[in-house]
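The values are calculated or read from the model by the stated rules, or taken from the named source; none is laboratory data. Everything numeric here is computed off the predicted structure, so don't read it as measured data. Virtual Cβ from ideal backbone geometry, glycine too; neighbours counted across all protein chains shown.
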């Protein structure tokens, strides 16, 4: 079975609607008072893993439970605390307006489940829900928090705008040791020379190429004037953002570090030297795999699947601030979040964003959560 619940307390089949109902009933019936805090958390995590898996392979089996779970009493809703936005997105999509009304009412009250309710409201995605989400964010000063989840809240009026695709793919790394011209011809190459991705390869901001993505092969991306977009890195270890414009050939130009990026000069010199000496190390290609039974689902991700380094599409990880376009100020569109092991350089998560209106691209590095 591709599901490997991280807590080891709960393993249940999910092949039919009846199986899903049984899982839901088990979740609702969890008795926190009869368990140690650690055992209760393990059950919560296993329940979250089951539903994360179900949301990937057959979210329609959960549809009859949409209104029921929205109305769960707070104590029972807490049993589902390890179901994050990336699970609710596929279960609550298109839920009726009555769910929106119920969630708004509950969010207006003091609740320790506020983060769960907020995720649920954001997940519904209907025009009514997105308008309600924007109003809630403005009234409660949650715009920054929702931006970290991938939702742009226009400052004055208008609905929330999801800045990510719903379709997800697992990014599986395959090594490549052929000639450079063949690597350049692959859809999603890893380890290109800077001459292939930078208008001025001698600039001092970008020193490393992680990978590139052929735009037309990723469903739901907004149109941009480039065949490929590139995830690149400055000579910095963990927390940074590099903004770049696109030239007429789709290469990056005018790269700059965001103003809040902290620069460590000794670290920069070490990583710059590493980039010089390791330019041909770690080359390969990414194969984009569907979220299906061929992946391994554990701890809310699929990265136990051999070779998988992260996800293309779907919402950002939500643990760190996401970049806003330096030209127009809009939240940038999330393309991918990968682990640094896709081509080792620095440490942490590596994400790629784009502003399609201004044709600005952001490569974003963060530490581990």
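Things to note:
- Test for residue 245: is it assigned to a helix (DSSP H, G or I) and either over 24 Å from residue 314 (Cβ atoms) or over 22 Å from the mean Cα position of the chain (by Cα) (or both): no
- Output for region 204-217, where each listed residue is assigned to a loop (DSSP other than H, G, I, E, B) and at pLDDT below 95: 204
One line per residue, one yes/no per condition, for (1) assigned to a helix (DSSP H, G or I); (2) buried (at least 17 other Cβ atoms within 10 Å of the Cβ); (3) at pLDDT below 95:
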residue	(1), (2), (3)
83	no, yes, no
101	yes, no, no
109	no, no, yes
158	no, no, no
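- Among the residues of region 341-362, those that are buried (at least 20 other Cβ atoms within 10 Å of the Cβ) and either assigned to a loop (DSSP other than H, G, I, E, B) or more than 19 Å from the chain's Cα centre (by Cα) (or both) comprise 343, 345, 346, 360.
- Within region 253-272, the presence of a residue that is on the phi > 0 side of the Ramachandran plot, at pLDDT below 95, assigned by TED's automatic domain parsing to the domain that holds residue 179 and in contact with a strand residue (DSSP E or B) (Cβ under 8 Å, 6 or more places away or on another chain) is excluded.
- Pairs, first within 27 Å of residue 171 (Cα to Cα) in region 266-284, second at pLDDT below 90, C-beta under 6 Å, six or more apart: none
- Scanning region 304-323 for residues that are buried (at least 20 other Cβ atoms within 10 Å of the Cβ) and touching a residue at least 60 places away in the same chain (Cβ under 8 Å) yields 308, 309, 310, 311, 312, 313, 314, 315, 316, 322, 323.
- Scanning region 119-144 for residues that are closer than 30 Å to residue 302 by Cα and surrounded by fewer than 16 Cβ atoms within 10 Å (Cβ to Cβ) yields a single hit, 144.
- Comparison of 51, 65, 30 shows that the only residue that is more than 27 Å from the chain's Cα centre (by Cα) and either closer than 23 Å to residue 106 by Cα or modelled with pLDDT of 95 or more (or both) is 30.
- Exactly one residue among 183, 173, 192 is part of a loop (DSSP other than H, G, I, E, B) and either touching a helix residue (DSSP H, G or I) at 6+ places or on another chain (Cβ under 6 Å) or over 22 Å from residue 326 (Cα atoms) (or both), and that residue is 192.
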